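Take a look at the structure set out below.
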Ligand code: FES
């Protein structure tokens with residue numbers, strides 16, 4: 001087991017997390033207000049942008065292959081190096097999850 005340091009940019013928060021633990025579980029243990037919902041890698045609520053470092057997250061089914069290079073689903077992701085994460089950033093496919101376009105379609109229908 002290897003312990004890594006995870007820094008959350010812009011918050012001043014830093015935790016340690018082993019390569020056997022999920023980032024979300026460590027956030028919850030440390031009292032860090034990381035958002036989450038499904039905890040099974042599908043809803044994207046727990047997403048964070050990977051600013052620096054690497055994670056493994058084979059069960060992050062809610063991310064596209066390309067998104068998995070730049071975003072971590074913290075409920076599934078385990079660190080493979082020290083990390084810098086931005087918790088306020090979500091992958092583009094979250095728009096599909098939230099039904100983006102619906103608001104525009106409604107606005108267009110009102111015109
Ligand atoms: S909590 Fe839903 S994807 Fe992580």
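The values are calculated or read from the model by the stated rules, or taken from the named source; none is laboratory data. Keep in mind the model is a prediction, meaning the values are calculated, not measured. All Cβ positions, even for glycine, are placed from backbone atoms using ideal geometry, and neighbour counts span all protein chains on display.
Reported count of residues in segment 68-92, each being surrounded by 16 or more Cβ atoms within 10 Å (Cβ to Cβ) and modelled with pLDDT under 95, is 4. When segment 36-67 is filtered for residues that are modelled with pLDDT of 95 or more, in a loop (DSSP other than H, G, I, E, B) and more than 7 Å from the ligand (Cβ to nearest atom), the ones remaining, listed by number, are 53, 54, 57. In segment 31-66, what residues are in contact with a strand residue (DSSP E or B) (Cβ under 8 Å, 6 or more places away or on another chain), crowded, with 16+ Cβ neighbours inside 10 Å and at negative phi? Result: 32, 34, 46, 47, 48, 49, 50, 55, 57, 60, 62, 63. Here residue 28 clears all of (1) free of Cβ contacts under 8 Å to residues at least 40 places away in the same chain; (2) touching a strand residue (DSSP E or B) at 6+ places or on another chain (Cβ under 6 Å); (3) surrounded by fewer than 17 Cβ atoms within 10 Å (Cβ to Cβ); (4) not in a loop (DSSP other than H, G, I, E, B) except the condition numbered (2).
Considering only residues in segment 7-20 that are under 20 Å from residue 56 (Cβ atoms) and out of contact with any helix residue (DSSP H, G or I) (no Cβ under 9 Å at 6 or more places or on another chain), the one that is surrounded by the fewest Cβ atoms within 10 Å (Cβ to Cβ) turns out to be 20.
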